[in-house]
């Protein structure tokens, strides 16, 4: 009986660090990068052509929501949804769901390849 109790305690103690490490490591949020091709101010949606490679944009448009919880900056300065314009480049993340942008940085000029 003592050996069974010892084995259970040893197993639980050995599994604690692995379980704690598994909880601490979360995958990074999916990153989005694309060029703004349309804006719907009523639904607060932006249509992007996403980057497929360093300089190639996908031909299929993708629509994302920009809501009141989305953090928006333009060239590093705080901004809001009305500051987004067709032709800008968006670099951001989708943490809450695949269709809502949580953090976006708007660039008025295309970034250099590899960024």
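Put simply, the Cα atoms of segment 31-107 extend 30, 23, 22 Å along their principal axes, the longest span coming first. Considering only alpha-carbon pairs that sit under 8 angstrom and 6 or more positions apart, the relative contact order computed for segment 31-107 is 33 percent.
Of all DSSP bridge pairs formed entirely within segment 31-107, close to 80 percent run antiparallel.
No lab work stands behind these numbers, since they all come straight from the coordinates. Fair warning: this is a prediction, and the values are worked out from it, not measured in the lab.
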